[in-house]
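Q: What follows is a structure written as structure tokens; I'll ask about it next.
The values are calculated or read from the model by the stated rules, or taken from the named source; none is laboratory data. Note that the coordinates shown come from a computational prediction; the quantities given were computed from them, not determined experimentally. Please note: Cβ atoms are built from the backbone with ideal geometry, for glycine as well, and neighbour counts cover all protein chains shown. Note: areas computed on protein heavy atoms with side chains; ligands, DNA, RNA excluded. Shrake-Rupley method; radii C 1.70, N 1.55, O 1.52, S 1.80 Å.
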Amino acid sequence: MPHPVTRGLRAGLLALGVLAAGVVPCAAFDSAPAPVEAGQAGFDAARLKAIGDFVQRDIAAGKIPGMVLMILRDGKPVMFEAFGERAPGSPMQKDSLHRIASTTKLFVTTAALRLYEQGRFKLADPVATYLPELKTLTVYGGAESATDGEAPPPAAPRRAPTIEDLLKHTAGLTYWWIGPLNPVRRNQRDQDLEGLYGLTGEEMLTKLGQQPLLYQPGSTFEYSIATDVLGHLLERIEQKPLDRIVSEQVLQPLGLTDTVWQVDEARAGRLAEPSQATLAKDPLAWVYGWLDLRKPPKRFSGGAGLASTAGDVGRLLQMLANGGALDGVRLLSPQTVRFMLNTDHLAGLRGPRNNVDEGYGWSLVNPVRLATGAHTTPGAPGDVYWGGITGPRYMIDPSERLVVVALFQAPSLRGHYYALLRQMIYGAMVK
């Protein structure tokens, strides 16, 4: 299986700008911006320091082993620090590698939309046009919480799922851990359809095609394995493995040398690991076996399979913040970026939106805030957030020209730290 990238001379990877959610784009990217003084950036220096002190206290208390925290305004770092340990006895570094889990979706969706702009597919295309393994899908006939033996026979879908459904998570797919363990989710778990090391892409698709969808396509938002399916669909279209597609479409143009599908021996000393307390007590500790990333995958998970650094994630986000261009290289048009990130593609769709905070809709890759209010922390329409089950979180508030990236390995605490960091960061802003 080909390895996507080798580590070369690291370019300046520290700048992360403001996501222009339909507003004026940021200034051109500075590949190695100097840190900005807190007061000049509109922050109270003492309150900003208190954020670092809070992180250090929780590390000392054993709640998390370490964190990399990046706060930027106007594309300049107001805070970029590494706290605690990457692994026992090894300090966390700014360039430590983290399992970024669902932040992988941002990389894969960007690659997909580059190919979309090139006319390689239409969003209205049925998924089975490219993945015939999914041509005869059926739809589960029971309630979401039903147990084995209670459901009527699967029904025919009212329409075929499309590529747009994959991006919107309305294809009828699921994750096994996202809700009650009904027959569909149980089969998905038992068949290891979300695994990286047991099945090839072809084997996974064959088994997925034999499993009913959980919902009628287009009827329900369910955060799901859809981006994995999207990645395998891109492989069929391009006749290349996903690691090569993402490398050619995203990593190479942006100079991202530390975003990898396998943390090989040369990088192993930079991989951030969970604490023993996390492994012993966190009910989500299974994710580290699911996303080992120290061994070669049998298939590339477009929804969760990458490791990366704050710097690499930052360059990708800065490209999007600039309306699709970075350092003189254009990856996407401004129109496509707005379509990708700044539009609620679930408008008019009723029902719960699991895993998405109140007051947010869904773009083609992230939750996007719809209105002021309806949330427990400050923000404004157009702000975007996401992360991954292993712990990483990022947020972008275009109205405040603010970006935050927090990388840490503590699955069940990811929402806790996202909320606390967000409220403390807004609390440190004085203008």
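Q: Among the residues of region 286-341, how many are in a strand (DSSP E or B) and either under 18 Å from the mean Cα position of the chain (by Cα) or among the aromatic types (Phe, Trp, Tyr) (or both)?
A: 2
Q: For region 304-328, which residues satisfy the criterion of being of a type outside the set (A, V, I, L, M, F, W, C) and either surrounded by 24 or more Cβ atoms within 10 Å (Cβ to Cβ) or within 22 Å of ASP264 (Cβ to Cβ) (or both)?
A: Within region 304-328, GLY305, SER308, THR309, GLY311, ASP312, GLY314, ARG315, GLN318, ASN322 qualify.
Q: Do we have ALA128 as part of a helix (DSSP H, G or I) and in contact with a Lys or Arg (Cβ under 9 Å, 6 or more places away or on another chain) here?
A: Taking the combined requirement at face value, the residue satisfies it.
Q: Kindly provide the set of residues from region 128-137 that are out of contact with any Leu (no Cβ under 6 Å at 6 or more places or on another chain) and open to solvent by 20 Å² or more (accessible area, probe 1.4 Å), ordered by number.
A: Across region 128-137, the qualifying residues are THR129, PRO132, LYS135, THR136.
Q: Have a look at LEU230, LEU234, LEU256 and point out the one that is of a type outside the set (Phe, Trp, Tyr), part of a helix (DSSP H, G or I), closer than 19 Å to GLY303 by Cα and in contact with a Ser or Thr (Cβ under 8 Å, 6 or more places away or on another chain).
A: Just a single option satisfies the conditions, and that option is LEU230.
Q: Is it the case, given these coordinates, that MET429 is open to solvent by less than 40 Å² (accessible area, probe 1.4 Å), within 16 Å of LEU106 (Cβ to Cβ) and out of contact with any Leu (no Cβ under 7 Å at 6 or more places or on another chain)?
A: Here the answer is no, as MET429 does not meet what is asked.
Q: Any residue that is surrounded by fewer than 21 Cβ atoms within 10 Å (Cβ to Cβ), more than 17 Å from the chain's Cα centre (by Cα) and of a type outside the set (A, V, I, L, M, F, W, C) - is there at least one of those in region 223-235?
A: no
Q: Quickly run through region 98-127 and pick out the residues that are open to solvent by less than 20 Å² (accessible area, probe 1.4 Å) and not hydrophobic (A, V, I, L, M, F, W, C).
A: Correct list: HIS98, ARG99, SER102, THR103, THR104, LYS105, THR109, THR110, ASP125.
Q: Just a yes or no: is a residue in region 174-183 over 25 Å from the mean Cα position of the chain (by Cα) and over 24 Å from THR336 (Cα atoms)?
A: Yes: one or more hits.
Q: Okay, moving on. Name the pairs whose Cβ atoms lie under 8 Å apart, with the first residue in region 351-370 and farther than 17 Å from ASP165 by Cα and modelled with pLDDT of 85 or more, the second open to solvent by 20 Å² or more (accessible area, probe 1.4 Å) and among the aliphatic types (A, V, I, L, M), and 6 or more positions between them or separate chains?
A: GLY359/LEU370; GLY359/ALA371; GLY359/ALA374; TYR360/LEU370; VAL368/ALA21
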